[in-house]
1. Which one of these does Tyr53 not meet: (1) part of a helix (DSSP H, G or I); (2) surrounded by fewer than 18 Cβ atoms within 10 Å (Cβ to Cβ); (3) of a type in the set (Ser, Thr, Tyr); (4) in contact (Cβ under 8 Å) with a residue 12 or more places away in the chain?
2. Please go through (1) surrounded by fewer than 16 Cβ atoms within 10 Å (Cβ to Cβ); (2) under 15 Å from the mean Cα position of the chain (by Cα); (3) closer than 27 Å to Lys4 by Cβ; (4) not aromatic (Phe, Trp, Tyr) for Gly74 and return the number of the only condition it doesn't satisfy.
3. For region 159-195, which residues satisfy the criterion of being surrounded by 15 or more Cβ atoms within 10 Å (Cβ to Cβ) and in a loop (DSSP other than H, G, I, E, B)?
4. So which residues in region 83-108 are farther than 16 Å from Thr18 by Cβ and of a type outside the set (A, V, I, L, M)?
5. Considering only region 108-132, state which residues are assigned to a helix (DSSP H, G or I) and either within 17 Å of Gly34 (Cα to Cα) or under 19 Å from the mean Cα position of the chain (by Cα) (or both).
6. What number of residues within region 88-107 satisfy the criterion of being modelled with pLDDT under 95 and closer than 24 Å to Lys37 by Cα?
7. Here is a check on your reading of the model: is Ile83 in a helix (DSSP H, G or I) and within 25 Å of Arg270 (Cβ to Cβ)?
8. From the list Ser39, Ser51, exactly one residue is under 30 Å from Asp164 (Cα atoms), among the hydroxyl-bearing types (Ser, Thr, Tyr) and touching a helix residue (DSSP H, G or I) at 6+ places or on another chain (Cβ under 7 Å). Which is it?
Amino acid sequence: MIKKLFRASLRQLLGLFTKIAIKKHNINIIAITGSGKTSLAKEVSYNLLHSKYPGRRNVETPDTEFYIPLTILGFLYYPQNLIKWLALILETMLKLAVIKPHKHFIVLEMTFINDSIFNFWIKILNPDLILIIGEVENSKKFNMVKKIIKVEDSKLFKTNDFLDLAFKIGKIYNIRSDKVKKILENTEFPKPRIGIIKKGDITIVDSTYIYRPPPLKSVLEMFNDISLNKYILSDFKDDFKKPLIKKLGWARITNLNSVLRGVVIIRTHRFNNSINRWI
């Protein structure tokens with residue numbers, strides 16, 4: 001009950017900060033949602049708009065709502081306890097007071113959590129454009145949005161053919177067709193959330209994160225049937241509360257220097273300097 005009240009209060013406070021930031025910096029939000037390949041559509045949209053305007057996009061879309069205000073407010077970490085949340089709130093108040101206005105756009109890929117939470121953030125963000133990729137639940141929630149591009153058939157994205165979508169975005173934001181084609185040709189699509197890296201006799205599973213790591217169970221299931229030594233290096237405290245790790249034979253380690261062979265899952269913050277040299 002206390003946790004639920006805390007989240008509700010935090011939602012209202014972060015929503016207020018987000019509104020203030022959007023107004024102060026005159027931020028144009030391009031929101032992307034749906035059952036299709038939203039992460040690919042995000043990269044296409046960002047590269048097109050960034051060719052003409054200053055902007056940002058979220059680099060990670062976990063199944064939690066607070067990455068939305070954290071992205072808008074410019075934070076690349078997710079507080080893990082009350083003290084860190086309080087520190088973030090104080091830092092946000094300071095940033096909103098002292099940072100000079102900077103007009104730009106943000107391309108924001110949004111996961112659907114539930115109707116009330118999704119609607120709350122859509123109203124706060126007031127997007128300039130929404131891209132609906134594939135199917136969505138209750139599309140009436142987008143009636144207040146100024147511009148909407150719908151790609152009804154997500155099968156279109158099996159071939160990564162984004163030319164039609166790119167032309168529509170280019171038309172809205174006055175980007176010439178020849179430039180749209182060139183930008184699309186040079187667009188680098190995002191890597192998988194979980195990466196596999198071979199380092200001699202060690203297989204490193206890159207499950208690093210910015211806001212929240214991928215679900216632990218889905219990572220462990222990739223290696224259910226292997227007979228190699230299995231290690232996990234994580235700074236995500238909830239990982240080691242789960243009996244699944246011991247049950248499946250994973251040993252906890254605090255650094256990689258002692259590992260000679262086997263599989264190592266790394267679940268630390270992506271900007272952890274001690275880990276970067278390994279991945």
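The values are calculated or read from the model by the stated rules, or taken from the named source; none is laboratory data. Remember, predicted model here, so these are calculated numbers, not experimental data. Here the Cβ positions follow ideal geometry from the backbone for every residue, glycine too, while neighbour counts run over all protein chains shown.
1. (1)
2. Gly74 satisfies all of (1) surrounded by fewer than 16 Cβ atoms within 10 Å (Cβ to Cβ); (2) under 15 Å from the mean Cα position of the chain (by Cα); (3) closer than 27 Å to Lys4 by Cβ; (4) not aromatic (Phe, Trp, Tyr) except (3).
3. Of everything in region 159-195, those that are surrounded by 15 or more Cβ atoms within 10 Å (Cβ to Cβ) and in a loop (DSSP other than H, G, I, E, B) turn out to be Phe162, Tyr173, Ile175, Thr187, Arg193, Ile194.
4. Lys84, Lys100, Lys103
5. Within region 108-132, Asp115, Ser116, Ile117, Phe118, Asn119, Phe120, Trp121, Ile122, Ile124, Leu125 qualify.
6. Selection size over region 88-107: 0.
7. yes
8. Details: Ser39 fails: touching a helix residue (DSSP H, G or I) at 6+ places or on another chain (Cβ under 7 Å).
Step by step, each of Ser39, Ser51 is checked, and only Ser51 is under 30 Å from Asp164 (Cα atoms), among the hydroxyl-bearing types (Ser, Thr, Tyr) and touching a helix residue (DSSP H, G or I) at 6+ places or on another chain (Cβ under 7 Å).
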